[in-house]
Ligand code: NAD
Ligand code: AKB
């Protein structure tokens, strides 16, 4: 198996992806990279390098010198943080992608995973069961960067044969590593607050439905897509992945079934407008047909796992 580099490995997805890939690989082959000085404790069992994806020459040198053939590029600013610093969000979310796409175009990197998001959709997109191909007019800088990234991925595949694969992740729910500044972060915070003090003030309104997914499902989907034969990958922009759709009120009710005294109140902030521009639910028949995608975790199971594992 070839050497694999995960850039942004210290984040919510990166830590769990690193753990999962290492469990399936030879020792030393899965290299974690992040701008942070030190590796998170969870992934200290394998190689870690400090790397800034914006330092194009350093990234190129590392990848070429170490014969890295597969890159997972996860470093990005997420939706809420990006709205506070749009110029930098555009720079970070786009420049790193070109660095890796160009290395693949030149033949050094053989396979790329670059995540997109439900944020590529906007207020004019059909909100329920949003199809793979539909109106896409995102209104956030994050969504604009993800949509532009998707178009470039497809372009590099069509023009240069670059094997780049992508998923439009829904909001991801996990307990091993905290979320990094998104609009869907409430669906993680709520479990921590439920366990620590029994109440939660939600920054979205109670009826805001969004597509969400448990991290185990997201990691399984990512590895399944990366392992699928190239001739089965019909979408070279990014695959819709539905997950499950629920509102803050519904997740609160699910928590109350296990912690009956849990209370929720609502104080929507600037993230409400972002959430309102995203779909309520997503159709993912292309992922099902092309690489046999199947969801495992529903809301009750997620609630059970989160409350059991948060200490
Ligand atoms: P995160 O913020 O938790 O992690 C990002 C990591 O990138 C951090 O560890 C950060 O230190 C690192 N990083 C930042 N700048 C860097 C740089 N210049 N060089 C190297 N590393 C740098 O994000 P995440 O939730 O793990 O998301 C990873 C990817 O998945 C992002 O592209 C995000 O847009 C996408 N995504 C995430 C979700 C979600 O719910 N978590 C949903 C849809 C898409
Ligand atoms: C965010 O809320 O920004 C992310 C995402 C859905 O892309 N979780």
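For the residues 301, 236, 61, what sequence is obtained by ranking on other C-beta atoms within 10 Å, fewest first? Walk me through the intermediate numbers first.
Details: 301 15, 236 18, 61 11.
Neighbour counts put them in this order, fewest first: 61, 301, 236.
With angles folded into 0 to 90 degrees, how steeply does helix 12-23 sit against the dominant principal axis of the chain? Use alpha carbons for both and round to 10.
Long axis of 12-23 versus the principal axis of the chain: about 60 degrees.
With bins 10 Å wide starting at 0, give me the P(r) of region 1-70 over every alpha carbon pair, in whole percents.
22, 56, 21, 0
Just want the ordering: 263, 95, from fewest to most Cβ atoms lying within 10 Å of their own Cβ.
On the way: 263 15, 95 12.
Listing 263, 95 from fewest to most nearby Cβ atoms yields 95, 263.
Of all DSSP beta bridges in the chain, what percent run antiparallel (nearest 5)?
In the chain, DSSP labels about 10 percent of beta bridges as antiparallel.
Three principal axis extents, largest first, for the C-alpha atoms of the chain, in Å?
Rounded to whole Å, the extents work out to 56, 43, 38 Å.
For region 44-99, what Kirkwood radius comes out of the mean inverse Cα-Cα distance, in Å?
12.7
Give the average over all directions of the projected area of the C-alpha convex hull of region 83-239, one decimal, in nm².
The directionally averaged projection comes out at 10.6 nm².
Computed over the Cα atoms of region 185-226, what is the convex hull's projected area averaged over all directions, in nm²?
Spelled out: convex hull of the Cα atoms, projected over all directions, averaged, 3.8 nm².
First obtain the Kirkwood hydrodynamic radius of region 1-136 from its Cα pairs, then insert it into the Stokes-Einstein equation at 4 °C and 1.567 mPa s, and state the resulting D in µm² per second as a whole number.
It comes out at roughly 81 µm²/s.
Could you state the angle between the C-alpha long axis of helix 141-160 and the longest principal axis of the C-alpha atoms of the chain, as a value from 0 to 90 degrees rounded to the nearest 10?
Between the helix axis and the principal axis of the chain, the angle is about 30 degrees.
Give the share of C-alpha pairs in each 10 angstrom bin for region 169-311, from 0 to the last occupied bin, in whole percents, shortest bins first.
11, 40, 32, 13, 3, 0
Whole Å is fine, so just give me how far the alpha carbon centre of region 74-141 lies from that of region 174-229.
19
Give the order of 304, 133 when sorted by the count of other beta carbons within 10 angstrom, beginning with the fewest.
Arranged by neighbour count, lowest to highest, 304, 133 become 133, 304.
To the nearest 10 degrees, how steep is helix 248-258 against the longest Cα principal axis of the chain, on a 0 to 90 scale?
Taking the Cα atoms of the chain, the angle to 248-258 is about 70 degrees.
Treating region 242-311 as a set of equal point scatterers at the Cα positions, no solvent, please give the Debye-formula log₁₀ I(q)/I(0) at q = 0.11, 0.20, 0.21 Å⁻¹.
-0.40, -1.02, -1.05
May I have the convex hull volume per residue, in Å³, for the Cα set of region 212-279?
Spread over its residues, the Cα hull of region 212-279 gives 120 Å³ apiece.
As a check on your grasp of the helix formula, calculate [θ] at 222 nm for the chain: sum -39500 (n - 2.57) over DSSP H runs of n ≥ 4, divide by the residue count, round to the nearest 500.
Theoretical 222 nm ellipticity from helices: -12500 deg cm²/dmol.
The numbers here are math on the coordinates, done by the rules we state, and not lab data. If you're wondering where the values come from, they're calculated on a predicted model, not measured in any experiment. Ideal geometry is used to build each Cβ from the backbone, glycine not excepted, and the neighbour counts take in all protein chains shown.
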